[in-house]
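The values are calculated or read from the model by the stated rules, or taken from the named source; none is laboratory data. This is a predicted model, so every value here is computed, not measured. Quick reminder, even Gly has a Cβ in these numbers, built from the backbone with ideal geometry, and neighbours come from all protein chains shown.
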Amino acid sequence: MAMLTIRNLPEEVRRALRMRAAQHGRSTEAEVRSILEEAVKPQGRVKLGSLLTEIGRRADLTDEDLAVFERMRDKTPVEPVRFE
């Protein structure tokens with residue numbers, strides 16, 4: 001993971017970060033990480049896992065549908081990767 005150093009941070013800002021972190025029950029470092037993540041992630045971002053879960057819920061598949069998937073699934077064992 002990358003590291004970031006912030007110089008010349010005003011004491012009032014550091015104190016406010018410590019208070020905010022305490023309110024959220026985490027360290028100041030974790031709080032700053034959270035603030036930065038929120039600031040840079042795109043609005044309306046959907047994570048892949050959440051999207052797939054939602055699609056699965058909307059599909060309303062029956063046991064018969066699932067049986068078709070099971071029959072069609074490739075059951076061939078996977079060959080391990082070779083680094084030769």
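Quick look at the values:
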{"read-out": "Some residue of region 58-70 being under 19 Å from the mean Cα position of the chain (by Cα) and aliphatic (A, V, I, L, M)", "value": "no"}
{"read-out": "Residues that are closer than 18 Å to Met3 by Cβ and surrounded by 13 or more Cβ atoms within 10 Å (Cβ to Cβ), drawn from region 15-34", "value": "Leu17, Thr28, Glu31, Val32, Arg33, Ser34"}
{"read-out": "Pro42 vs. criteria out of contact with any helix residue (DSSP H, G or I) (no Cβ under 6 Å at 6 or more places or on another chain), exposed (fewer than 10 other Cβ atoms within 10 Å of the Cβ) and at pLDDT below 90", "value": "yes"}
